[in-house]
Amino acid sequence: MRLNQLTRELLHVNREAFDQYIEKTKKEGYEVDFYGEVKPFTDKIRAMAEEWKSLSLPWVEDNRPKYIHVNQINDTFDNLQFVAVFAFQPDTREKRFTEMVKSIDYVLSTMLDRLHS
């Protein structure tokens with residue numbers, strides 16, 4: 001099922017964004033390469049997230065999974081866009097960024113559980 005695959009891939013890129021921020025962006029002297037790093041990464045996430053959202057919304061409405069609602073799909077879609085950009089900004093507040101990553105992870109992980117049940 002494509003929705004299952006996309007959900008797994010988004011979990012992976014969410015982790016990539018977190019790792020980028022913690023392991024590279026936060027380091028002293030980090031200089032962002034917009035066209036070499038940021039744009040390709042955000043474009044990849046945007047394309048995946050758009051497809052994921054288009055498959056997730058009807059699935060949630062049809063199946064009414066426990067602990068997942070339409071507004072969470074919309075919020076996760078938006079948060080993925082933010083995380084993709086914030087991962088490369090040294091002035092991003094770590095607590096806010098981390099909470100956003102956790103929120104995305106929760107929704108995607110819960111969705112995977114519901115897809116398998």
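Annotation: of all residues in region 32-55 being of a type in the set (Lys, Arg) and under 15 Å from the mean Cα position of the chain (by Cα), the one that is surrounded by the most Cβ atoms within 10 Å (Cβ to Cβ) is Lys53. Scanning region 23-54 for residues that are part of a helix (DSSP H, G or I) and touching a Ser or Thr at 6+ places or on another chain (Cβ under 9 Å) yields Thr25, Ala49, Trp52, Lys53. For region 26-33, the criterion of being over 14 Å from Leu115 (Cα atoms), among the hydroxyl-bearing types (Ser, Thr, Tyr) and modelled with pLDDT of 95 or more is met by none of the residues. Quick check: anything in region 19-26 surrounded by 12 or more Cβ atoms within 10 Å (Cβ to Cβ), out of contact with any Pro (no Cβ under 9 Å at 6 or more places or on another chain), of a type in the set (D, E, K, R) and at negative phi? Within region 19-26, one or more residues are surrounded by 12 or more Cβ atoms within 10 Å (Cβ to Cβ), out of contact with any Pro (no Cβ under 9 Å at 6 or more places or on another chain), of a type in the set (D, E, K, R) and at negative phi. Restricting the first member to region 95-113 and to residues that are free of Cβ contacts under 8 Å to residues at least 60 places away in the same chain and over 18 Å from Tyr67 (Cβ atoms), and the second to residues that are surrounded by 14 or more Cβ atoms within 10 Å (Cβ to Cβ) and aromatic (Phe, Trp, Tyr), the beta-carbon pairs closer than 7 Å and six or more apart or on different chains are Met100/Phe82. Being within 9 Å of the chain's Cα centre (by Cα) and among the small types (Gly, Ala, Ser) is the filter here; which residues of region 82-102 pass it? The one that is within 9 Å of the chain's Cα centre (by Cα) and among the small types (Gly, Ala, Ser): Ala84.
Somewhere in region 72-89, is a residue farther than 19 Å from Thr42 by Cα, part of a helix (DSSP H, G or I), of a type outside the set (S, T, N, Q) and out of contact with any strand residue (DSSP E or B) (no Cβ under 9 Å at 6 or more places or on another chain)?
The answer is no; no qualifying residue exists.
The values are calculated or read from the model by the stated rules, or taken from the named source; none is laboratory data. None of these values were measured; they are calculated from a predicted model. Don't worry about glycine lacking a Cβ; one is built from the backbone with ideal geometry, like all the others, and counts go over all protein chains shown.
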